[in-house]
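Since every read-out is calculated from the coordinates, none of them should be taken as a lab result. Note that the structure is predicted; figures quoted are calculated from it, not measured. Backbone-built Cβ (ideal geometry, glycine too); neighbour counts: all protein chains shown.
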Amino acid sequence: MRLRRITAALGAAGLALAVVPTLPAPGTGASLTAVAGSTWQTDASVLGLAVARGKAFVGGRFTRVRPPGAAPGTSQTVRTYLAAFNQSTGALDTTFNHTLNNFVWSIVASPDGSKIYIGGDFTRVDGQVRNRIAAFDATTGALLPNIKPNVSYRVKTLAVGGTSLYFGGSFGLVNNVARNRAAAISTADGSLLPWNPNADADVYAIDAADDNSKVYLGGTFAKVGGVAHWAVASVNNSTGALLPFAASTAVPVPKPGCTTRVKDIETSGGVVYFSNAGDGGGCFDGTWAANIATGNLVWKNTCLGATETITMVNGWLFKGSHAHSCPGAFPDGTGAHFLLLQNPANGALGPWFPNTNAGPPTEVGPLVSATGGSDLWIGGDFTTVNGAGQQGLTRFNNLGAGAVPLGPVLPTLSSTTAGRVQATVQTSLDKDDITLTYRLLRGGTNTVVATTTANSTFWSRPNVTLTDTAAPSGTSQQYRIEVYDGHNTVRGGFASITVR
């Protein structure tokens with residue numbers, strides 16, 4: 001696992017796959033609410049995230065941060081490309097304050113959460129030489145003296161496996177030794193390790209299996225170790241030599257009008273998950289999963305809209321993308337959906353529908369995500385979350401009552417049989433529940449005369465019909481619909497009918 005967090009969900013929920021630890025099956029509600037928690041904001045994109053020791057460590061292009069609700073350019077505090085926030089409250093951690101001279105692209109935590117590693121374009125931290133990699137004590141925030149390799153160019157991605165810090169990017173040298181776009185150092189003393197995959201183009205993503213038995217690379221490369229291997233590879237954890245990986249054929253090779261590359265990797269239990277972004281209409285933008293032990297493909301989801309980040313939380317695979325078409329779910333024409341979750345057993349979409357917008361400079365939206373175990377932090381170039389102003393950073397947790405269902409419209413009433421009234425209404429919509437309970441209420445006393453449940457999503461809202469089988473014949477009655485999601489109750493307006 002990439003250890004952008006100190007605790008991770010143990011795998012897919014309710015799976016038939018023996019390689020994945022069993023958790024309670026996801027129900028009809030998500031493991032997180034769709035209501036964003038109060039969180040400070042940044043003045044530019046967030047590119048790196050890790051959660052450790054009760055803090056969210058955040059890096060990117062920003063130079064200022066501001067409280068939630070503050071308009072751009074107001075109430076700002078200087079933080080040059082790196083900041084930390086309280087995991088529980090989202091408030092700025094005033095004790096963690098370092099000055100860098102360029103962007104931070106990636107952040108990971110050590111397995112015990114005691115150290116934070118950052119990679120990027122910077123060459124100085126607080127005036128000290130740190131050529132594109134640095135490390136901090138997660139508790140005190142102090143810059144650590146022994147992690148300071150000399151990396152010749154951008155570090156785009158980091159992962160911890162065992163006592164190795166794996167990193168990838170656009171560089172060609174580490175400590176003046178040839179290391180083309182992927183290398184590793186010791187987490188104990190910062191020394192360069194023999195690990196040398198030798199990729200011929202940029203590495204965007206790295207992650208190690210939970211037991212560090214294998215390391216996975218993703219990016220735009222066409223060769224690893226001189227062998228043709230487009231965009232994804234499985235390699236030995238100590239040498240970087242290529243390992244057999246049948247599932248790599250899930251990523252199509254480039255062709256005119258279509259080039260797709262791996263943008264993020266997440267290992268969890270016995271499965272490794274990948275996200276892709278493609279250039280060209282209909283080019284592969286989706287997610288896929290492979291069995292770590294066998295290297296075989298488990299599933300492939302072909303939703304369109306570049307998938308930039310994936311993170312496992314509480315048995316669900318959360319993803320940041322700008323999905324606009326998903327086979328078997330929503331078609332084009334529903335707009336872009338920047339935050340979704342998937343069932344890690346089969347890649348099917350789950351019940352979680354908050355949203356952001358896109359923003360400059362990438363016009364993508366979410367770019368990176370991380371968890372502290374029961375929450376989800378998301379960074380990117382967005383400027384709104386669920387329609388409200390919130391720039392660069394947001395978070396979701398499993399606290400509170402969650403999103404309130406959309407209020408039901410007036411029911412359509414009919415009475416064709418004596419003493420019976422049928423009420424038909426379009427199903428409601430809830431951003432963190434699929435199955436909702438519908439009750440038919442009669443009169444000013446709101447007597448419950450019928451109850452049913454039904455599923456709905458933003459791309460499928462069928463009608464539901466409830467029947468009052470004991471309506472007073474020959475009388476005029478009023479009816480309305482009540483919707484309940486297990487926490488929140490919403491009632492619609494009354495419609496009237498004369499009972500036959």
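Listing for the model above:
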quantity	calculated
Percent of C-alpha pairs per 5 Å bin, region 238-343, short to long	2, 12, 22, 23, 19, 12, 5, 2, 1, 0
Gain on full stretching of the segment that runs from Leu144 to Ala470 - 0.36 nm per residue minus C-alpha separation	109.9 nm
From phi via Karplus (6.51, -1.76, 1.60), per-residue ³J(HN,Hα) for region 341-350 in Hz, x at Gly/Pro	10, 10, 6, x, 6, 9, x, 5, 5, x
Residue-by-residue Karplus 3J(HN,Hα) for region 468-479, coefficients 6.51, -1.76, 1.60, Hz, glycine and proline x	8, 8, 10, 6, x, 4, x, 10, 8, 10, 10, 9
Against the rule of thumb 2.2 N^0.38 Å, how large the Cα Rg of region 273-402 comes out	1.02
Nonlocal amide H pairs with Gly161, under 5 Å, H built at 1.01 Å	Tyr166
In nm, spacing of pseudo-spin labels at Ala188 and Cys258 (7 Å Cα→C-beta vector)	4.8
For region 251-405, size of Cβ-based charge dipole, Lys and Arg +1, Asp and Glu -1, in debye	220
Expected-Rg normalisation [2.2 N^0.38 Å, Cα atoms] applied to region 159-198	1.04
Point-to-point label distance, Val177-Gln76, nm (Cα→Cβ direction, 7 Å offset)	4.2
Alpha carbon Rg of the chain, scaled by the compact-globule rule 2.2 N^0.38 Å	1.08
Global form of region 363-500, assessed from the alpha-carbon gyration tensor, a/c cut-off 1.5	prolate
For region 218-225, 3J(HN,Hα) per residue [Karplus equation, 6.51 cos²θ - 1.76 cosθ + 1.60, θ = phi - 60°, Hz, x = Gly/Pro]	x, x, 10, 5, 10, 9, 10, x
Ser114-Thr457 pseudo-label distance in nm [points 7 Å out on the Cα-to-Cβ vector]	4.5
Cut-off under 5 Å, modelled amide H: who pairs with Asp264 long-range	Ser275
Cα gyration tensor shape of region 194-297, rounded if a/c is under 1.5, else prolate or oblate by comparing a/b with b/c	oblate
Solvent-free Debye scattering, log10 I(q)/I(0), computed from the Cα coordinates of region 120-196 at q = 0.18, 0.25 Å⁻¹	-0.66, -1.27
